[in-house]
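> Could you have a look at this structure, given as structure tokens, before my questions?
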Amino acid sequence: MPLLASAYPIERARLDNGLRVLLAPDRTAPVVAVSVHYDVGFRSEPEGRTGFAHLFEHLMFQGSANIGKAEHPKYVQAAGGIFNGSTHPDHTDYYELLPSGALELALFLEADRMRSPKITQQNLENQIAVVQEEIRVNVLNRPYGGFPWIKLPPVAFDTFPNAHNGYGDFTELAAASLEDAEDFFDKYYAPGNAVLTIAGDFDPDEALTFVERYFGDIPARDVPAPRSFVEPVPSTERRARITDALAPRAALAVGYRVPDPIADLTGFLAYYLLADVLSDGDASRLERRLVQKDRSVIAVRTYLGTFGSAFEQRDPMLFTLDVRQSEDTTADAVLAAVDEELTRLADDGLVDGELERVQARVASSLLREADDALSRGMAMGVHELRRGRPELLNELPGELAAVTAEAVGAAAGSLLTQGRSVLELHAGAASTAAAPAAASSTAAAATTPGAP
Amino acid sequence: MTSPASPTTASTAEVVIPAVRPSEPARLPVVADRMLDNGLRVLVVERSSVPLVEVRLRIPFAGHGVEHQARAEVLAETLFTGSTRFDRTRLAIEVQRLGGALSTGVDNDRLTVGGSALASNLEPLLQILAEVLLGATYPPDEVAGERDRIVEDTAVARSQPAVIAREALLARVFGDHPYATGIPDPDVVAAVGADDVRALHARRVSPVGAILTLVGDVTAERAFTAVNAALGAWAGEASQRAAALPAVSPGPVLIVDRPGAVQTNIRLGGAALDRRALGAPAQRLANTIFGGYFSSRLVDNIREDKGYTYSPRSSIDHYQAGSRLTIAADVATEVTGPALLEIWYELGRMALLAPSQQELDAARQYAVGTLALGSATAAGLASTLSALASAGIGVEYLRDHPRALADVSLADVQAAASDLFAPTCLVTVLVGDRQKIARAVEDLLQVTPD
């Protein structure tokens with residue numbers, strides 16, 4: 001049976017200043033989602049300014065030519081909407097989901113800050129403090145903070161863009177200046193480096209009129225050519241050990257390299273399905289082996305991309321295994337079991353029906369996500385940014401159906417023949433009643449639930 | 001980027017900020033509502049936006065004592081580990097084949113099973129649900145494995161400062177009520193056996209008082225037929241209701257010591273009105289204005305002005321037996337005192353003075369708008385209707401609540417705020433480095449001695 005796929009109509013336009021516009025009207029519910037994806041993330045931030053892409057995302061809420069400090073959220077929320085922004089390795093997004101009558105307002109707000117954000121020294125200092133509290137709450141003051149997204153990249157990679165901490169070093173954050181902000185904005189926030197997506201309940205002709213009205217006169221600027229972040233795939237294992245003073249149990253992360261996700265979508269999708277074969281649900285290979293049989297781990301997860309979002313990143317990217325160990329197990333015992341399971345997949349292939357049920361589940365999940373106008377719009381924006389193919393929203397099930405069991409088995413095998421990157425987290429607070437809460441050595445997500 | 005030194009207020013030059021058009025209210029979903037002979041209530045909404053069906057089952061599960069809580073937790077984690085026909089792997093395979101997923105959860109009020117599948121697979125999905133509701137076997141080895149995993153998981157959860165703070169606040173606002181802890185005691189969990197779980201299942205996994213909500217691309221008739229076929233034979237008895245809540249008794253600040261902590265988790269709690277109370281709409285708006293959304297006073301003050309914290313917030317949590325206010329802010333250790341001072345200032349301002357009309361209008365529009373956003377997807381609508389139904393509220397809430405919000409006046413908000421936010425009526429819990437924060441806190445408030 002073919003996999004069910006969505007069939008949302010998608011229209012596209014491009015303004016003279018280079019801004020790409022995607023329109024996906026759907027009248028199911030009286031809500032509309034607006035998002036802007038800028039093609040810059042923390043892999044592009046300058047050396048000596050770690051965390052700047054994320055700090056800049058905060059600064060985009062601090063006011064613009066016609067909007068005061070922190071008024072952007074007030075306009076959106078007073079219209080009955082929600083909003084946020086988040087910073088990723090290769091892009092930064094800003095979005096609103098609102099009752100449909102607020103479309104024009106949302107477009108005005110996004111255009112105003114794309115044209116001219118207005119950042120003062122006082123607001124810069126305020127947001128440096130806010131970001132530092134964000135890092136304390138998500139990284140420094142909690143066990144497993146940022147594990148593994150901050151600590152695994154320096155094991156797996158050698159170059160600054162791939163290896164550095166995207167949340168940033170406190171000293172470097174504190175050194176950020178208005179000039180840095182101006183440079184970053186000029187270089188990366190050009191209309192030609194952005195995708196504007198509107199999804200939900202709206203009239204496309206009217207929406208395009210609004211888009212022209214508010215974005216049309218933003219001057220075109222040079223768009224930086226995409227930089228290559230490529231690094232060779234390691235041929236031998238790399239391993240690092242850290243102690244998390246707050247963690248009561250050990251944890252383990254393994255990073256594996258995958259084929260270029262842009263150049264070879266079909267090859268890449270085998271890894272996308274492999275992640276679910278390994279860890280989606282009680283019938284998955286590693287759940288059964290590690291959680292149910294060996295009982296060596298409390299939880300296991302395999303995923304593609306820094307934040308588990310497979311389609312938003314360029315090469316190089318990691319396929320990550322993240323396990324939280326039970327009290328009496330060792331990293332080596334877990335790794336040996338993982339290798340056995342990967343070998344079994346590579347040698348014996350998948351069992352009858354295994355691929356089909358995983359494909360069926362993935363296709364349902366995609367339909368479910370796309371029912372939400374915001375998720376739908378955000379997925380299209382990412383697909384346009386990375387592949388110039390927003391229709392992948394509708395076409396992904398077809399692409400997944402073309403992946404064979406042999407390809408998934410071969411993907412498992414390829415994880416065994418490369419030099420994996422292993423990060424062991426040792427439990428610094430194991431079995432002690434009053435563990436010190438001193439700065440944990442681990443670091444966590446530039447995504448920001450509920451607040452920019 | 002323009003003029004770095006310009007003032008922070010919006011310029012009002014020639015540019016007109018577009019007004020928001022009044023949105024058509026969403027059509028009220030049609031809910032088909034039937035009670036099966038066995039006492040299971042079934043709600044169905046036909047919604048064809050995606051070829052899926054959303055499933056939400058809520059079974060009343062309130063109980064007393066640490067044993068109940070521990071056994072309930074193990075039951076939730078092992079419900080799908082075996083049935084008379086299928087083992088754990090097979091159950092998972094069968095659900096996945098349907099493009100489905102089902103997950104279970106339990107809290108102090110209810111056991112839930114929720115998920116989705118392709119709408120064409122509604123019948124087999126309900127069959128699998130019936131498989132475990134009527135015939136979960138709780139194989140001893142699976143129970144032992146999950147039990148041990150819960151114990152390990154609890155150790156990890158209890159190392160999270162947010163969890164430590166939540167547990168300390170629950171204990172403080174709920175006293176000796178079962179709601180006083182959200183996490184079962186690992187020592188008690190460790191003693192739970194398969195027989196205990198089976199006995200709990202026999203007694204409490206009952207259709208009486210349970211509500212099954214289905215939203216998706218299915219007709220109501222088909223859904224009722226399928227539910228009847230799958231779950232018609234499910235039987236059980238009515239269960240006890242949650243005990244009444246004790247009053248919140250204010251007292252000195254409790255500091256939970258976490259030496260070396262770089263932040264203090266500030267939590268305040270207090271009594272709140274039930275969702276069905278006459279004053280609930282005004283209370284909701286008062287909370288929104290204070291700290292219920294990003295545009296609130298709390299965020300303006302201690303985040304956007306002072307930079308003390310990342311995500312300060314307040315919320316009203318509705319439980320089966322009543323409701324509670326929670327205020328939360330995680331602040332840098334060195335500004336614990338100043339942050340508390342500002343929170344008290346904002347509480348006092350809410351309790352004593354009416355907000356501005358602009359604040360009220362914004363909060364109202366936000367509450368109305370987000371209600372519409374929350375029911376804009378099949379999954380959101382299913383969760384909303386399921387939660388409302390278990391509180392004894394019907395779908396008309398989606399229509400009537402906005403109207404009730406529209407009627408709230410400034411005086412109503414202030415009256416609600418003085419009941420909700422009067423700082424002397426609240427309890428305060430701090431999780432942080434006692435040695436570093438005690439002096440500043442003691443300068444402001446009475447603190448429970450070490």
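The values are calculated or read from the model by the stated rules, or taken from the named source; none is laboratory data. A quick note: this is a predicted structure, and the numbers were derived from the prediction, not measured. Please note: Cβ atoms are built from the backbone with ideal geometry, for glycine as well, and neighbour counts cover all protein chains shown.
> Tally the residues that are buried (at least 18 other Cβ atoms within 10 Å of the Cβ) and part of a helix (DSSP H, G or I), restricting the search to segment B:403-413.
Here the count works out to 3.
> Could I ask something else about it? May I ask you to list the residues in segment B:63-94 that are in a helix (DSSP H, G or I) and acidic (D, E)? If you could, list the steps in order and put the result at the bottom.
Looking only at segment B:63-94, we keep the residues that are in a helix (DSSP H, G or I), and these are B:65-78, B:88-94.
The answer is B:E67, B:E73, B:E77, B:E94.
> Could I ask something else about it? Quick check on B:S383: is it crowded, with 18+ Cβ neighbours inside 10 Å and either over 30 Å from A:D201 (Cα atoms) or not hydrophobic (A, V, I, L, M, F, W, C) (or both)?
Numbers: crowded, with 18+ Cβ neighbours inside 10 Å: yes; either over 30 Å from A:D201 (Cα atoms) or not hydrophobic (A, V, I, L, M, F, W, C) (or both): yes.
Criteria met by B:S383.
> Can you confirm whether B:G380 is in the same structural domain as B:G322 (by TED's automatic domain parsing), assigned to a loop (DSSP other than H, G, I, E, B) and of a type in the set (G, A, S)?
No.
> Output the residues belonging to segment B:217-256 that are more than 21 Å from B:P423 (Cβ to Cβ), surrounded by fewer than 17 Cβ atoms within 10 Å (Cβ to Cβ) and touching a helix residue (DSSP H, G or I) at 6+ places or on another chain (Cβ under 8 Å).
If the condition is that a residue be more than 21 Å from B:P423 (Cβ to Cβ), surrounded by fewer than 17 Cβ atoms within 10 Å (Cβ to Cβ) and touching a helix residue (DSSP H, G or I) at 6+ places or on another chain (Cβ under 8 Å), then B:R222, B:A229, B:A233, B:E237, B:A243 are the ones that fit.
For every residue, the table says whether it meets (1) of a type in the set (A, V, I, L, M); (2) more than 28 Å from B:Q320 (Cα to Cα).
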residue	(1), (2)
B:N108	no, no
B:L111	yes, no
B:L133	yes, no
B:P140	no, yes
B:L169	yes, no
B:H177	no, no
B:L200	yes, no
B:I211	yes, no
B:V218	yes, yes
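> Sticking with this structure for a sec: Only one of B:R439, B:R364 is in contact with a helix residue (DSSP H, G or I) (Cβ under 7 Å, 6 or more places away or on another chain) and at pLDDT 95 or above. Can you tell me which?
Values: B:R439 fails: in contact with a helix residue (DSSP H, G or I) (Cβ under 7 Å, 6 or more places away or on another chain).
Just a single option satisfies the conditions, and that option is B:R364.
> Hey, could you check segment B:125-141 for residues that are surrounded by fewer than 21 Cβ atoms within 10 Å (Cβ to Cβ) and within 12 Å of chain A (Cβ to nearest Cβ) and say which is nearest to A:V297 (Cα to Cα)?
B:D141
> Still on this structure: Only one residue in A:P25, A:P73, A:P30 is within 21 Å of A:A207 (Cα to Cα), in contact with a strand residue (DSSP E or B) (Cβ under 9 Å, 6 or more places away or on another chain), within 10 Å of chain B (Cβ to nearest Cβ) and of a type outside the set (D, E, K, R), so which one is that?
None of the other options fit; the residue is A:P30.
> Do you know which residues across segment B:60-74 are crowded, with 24+ Cβ neighbours inside 10 Å and within 30 Å of B:P29 (Cα to Cα)?
Correct list: B:F61 only.
> Just one of the numbered conditions (1) of a type in the set (S, T, N, Q); (2) under 30 Å from B:T104 (Cβ atoms); (3) within 11 Å of chain A (Cβ to nearest Cβ) is not true of B:Q365; which one?
B:Q365 satisfies all of (1) of a type in the set (S, T, N, Q); (2) under 30 Å from B:T104 (Cβ atoms); (3) within 11 Å of chain A (Cβ to nearest Cβ) except (2).
> Which of the residues belonging to segment B:348-370 are closer than 30 Å to B:I211 by Cα and crowded, with 21+ Cβ neighbours inside 10 Å?
Selection gives B:Y366, B:A367, B:G369.
> Then there is this: Output yes when any residue across segment A:122-142 is in a loop (DSSP other than H, G, I, E, B), closer than 30 Å to A:Q325 by Cα, at the interface with chain B (Cβ under 7 Å from one of its Cβ atoms) and not aromatic (F, W, Y), and no when none is.
The first filter runs over segment A:122-142 and keeps only residues in a loop (DSSP other than H, G, I, E, B), leaving A:141-142.
Narrowing the set further to residues that are closer than 30 Å to A:Q325 by Cα leaves A:141-142.
Then drop every residue that is not at the interface with chain B (Cβ under 7 Å from one of its Cβ atoms), which leaves A:141-142.
Checking which are not aromatic (F, W, Y) leaves us with A:141-142.
Checked segment A:122-142: at least one residue is in a loop (DSSP other than H, G, I, E, B), closer than 30 Å to A:Q325 by Cα, at the interface with chain B (Cβ under 7 Å from one of its Cβ atoms) and not aromatic (F, W, Y).
> Whether any residue in segment B:323-340 is of a type outside the set (G, A, S), within 9 Å of chain A (Cβ to nearest Cβ), touching a Phe, Trp or Tyr at 6+ places or on another chain (Cβ under 9 Å) and in a strand (DSSP E or B) is what I want to check.
Yes - at least one qualifying residue is present in segment B:323-340.
Yes/no matrix, rows are residues, columns are (1) in contact with an Asp or Glu (Cβ under 6 Å, 6 or more places away or on another chain); (2) within 14 Å of chain B (Cβ to nearest Cβ):
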position: A:L290; (1), (2): no, yes
position: A:S296; (1), (2): no, yes
position: A:A299; (1), (2): no, yes
position: A:A310; (1), (2): no, no
position: A:R314; (1), (2): yes, no
position: A:R324; (1), (2): no, yes
position: A:T330; (1), (2): no, no
position: A:L345; (1), (2): no, no
position: A:L355; (1), (2): no, yes
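> Continuing with the same structure: Quick test of your reading of the structure: B:L347 fulfils all but one of (1) within 26 Å of B:P161 (Cα to Cα); (2) touching a His at 6+ places or on another chain (Cβ under 8 Å). Name the failing condition by number.
The number of the failed condition is (2).
To keep it simple, each residue is scored yes or no on (1) at the interface with chain B (Cβ under 10 Å from one of its Cβ atoms); (2) part of a strand (DSSP E or B); (3) of a type in the set (D, E).
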{"residue": "A:V40", "(1), (2), (3)": "no, no, no"}
{"residue": "A:T50", "(1), (2), (3)": "no, no, no"}
{"residue": "A:F61", "(1), (2), (3)": "yes, no, no"}
{"residue": "A:P89", "(1), (2), (3)": "no, no, no"}
{"residue": "A:D93", "(1), (2), (3)": "no, yes, yes"}
{"residue": "A:L98", "(1), (2), (3)": "yes, yes, no"}
{"residue": "A:L103", "(1), (2), (3)": "yes, no, no"}
{"residue": "A:L109", "(1), (2), (3)": "yes, no, no"}
{"residue": "A:M114", "(1), (2), (3)": "no, no, no"}
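Yes/no matrix, rows are residues, columns are (1) over 24 Å from A:M380 (Cα atoms); (2) among the polar types (S, T, N, Q):
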site: A:L22; (1), (2): no, no
site: A:A29; (1), (2): no, no
site: A:S44; (1), (2): no, yes
site: A:R49; (1), (2): yes, no
site: A:A53; (1), (2): no, no
site: A:L59; (1), (2): yes, no
site: A:G63; (1), (2): yes, no
site: A:E71; (1), (2): yes, no
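> Another question about this same structure. Within segment A:183-201, does at least one residue satisfy the condition of being within 11 Å of chain B (Cβ to nearest Cβ) and at positive phi?
Yes - at least one qualifying residue is present in segment A:183-201.
> Additional query: Quick one: in segment B:100-122, of everything that is surrounded by 18 or more Cβ atoms within 10 Å (Cβ to Cβ) and in a helix (DSSP H, G or I), which residue is farthest from the chain's Cα centre (by Cα)?
Filtering first and then ranking leaves B:N121.
> Of everything in segment B:87-121, what is of a type outside the set (S, T, N, Q), within 14 Å of B:R56 (Cβ to Cβ) and within 13 Å of chain A (Cβ to nearest Cβ)? Give them in sequence order.
Answer for segment B:87-121, where residues must be of a type outside the set (S, T, N, Q), within 14 Å of B:R56 (Cβ to Cβ) and within 13 Å of chain A (Cβ to nearest Cβ): B:G100, B:A101, B:L102, B:G114, B:G115, B:A117.
> Follow-up question, since we're still on this one. Which numbered condition trips up A:E11, out of (1) within 14 Å of chain B (Cβ to nearest Cβ); (2) more than 19 Å from the chain's Cα centre (by Cα); (3) surrounded by fewer than 24 Cβ atoms within 10 Å (Cβ to Cβ)?
Result: A:E11 fails condition (1) only.
> If you check A:F202 against the conditions, is it aromatic (F, W, Y), more than 19 Å from the chain's Cα centre (by Cα) and in a helix (DSSP H, G or I)?
In short, no.
For (1) touching a strand residue (DSSP E or B) at 6+ places or on another chain (Cβ under 9 Å); (2) of a type outside the set (D, E), each residue gets a yes or a no:
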residue	(1), (2)
B:D109	yes, no
B:E123	no, no
B:Q127	no, yes
B:T137	yes, yes
B:D148	no, no
B:T154	no, yes
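> Any residue that is surrounded by fewer than 14 Cβ atoms within 10 Å (Cβ to Cβ) and in contact with a strand residue (DSSP E or B) (Cβ under 6 Å, 6 or more places away or on another chain) - is there at least one of those in segment A:241-262? Spell out the reasoning first.
Kept after step one, since they are surrounded by fewer than 14 Cβ atoms within 10 Å (Cβ to Cβ), are these residues of segment A:241-262: A:241.
Pick out the ones that are also in contact with a strand residue (DSSP E or B) (Cβ under 6 Å, 6 or more places away or on another chain) and you get A:241.
Among the residues of segment A:241-262, at least one is surrounded by fewer than 14 Cβ atoms within 10 Å (Cβ to Cβ) and in contact with a strand residue (DSSP E or B) (Cβ under 6 Å, 6 or more places away or on another chain), which makes the answer yes.
> Could you list, in sequence order, all residues of segment A:106-136 that are over 13 Å from A:M60 (Cβ atoms), more than 23 Å from the chain's Cα centre (by Cα) and of a type in the set (A, V, I, L, M, F, W, C)?
If the condition is that a residue be over 13 Å from A:M60 (Cβ atoms), more than 23 Å from the chain's Cα centre (by Cα) and of a type in the set (A, V, I, L, M, F, W, C), then A:A106, A:L107, A:F108, A:A129 are the ones that fit.
> So A:L425 passes all but one of these: (1) touching a Phe, Trp or Tyr at 6+ places or on another chain (Cβ under 8 Å); (2) within 14 Å of chain B (Cβ to nearest Cβ); (3) assigned to a helix (DSSP H, G or I); (4) hydrophobic (A, V, I, L, M, F, W, C). Which condition number does it fail?
(3)
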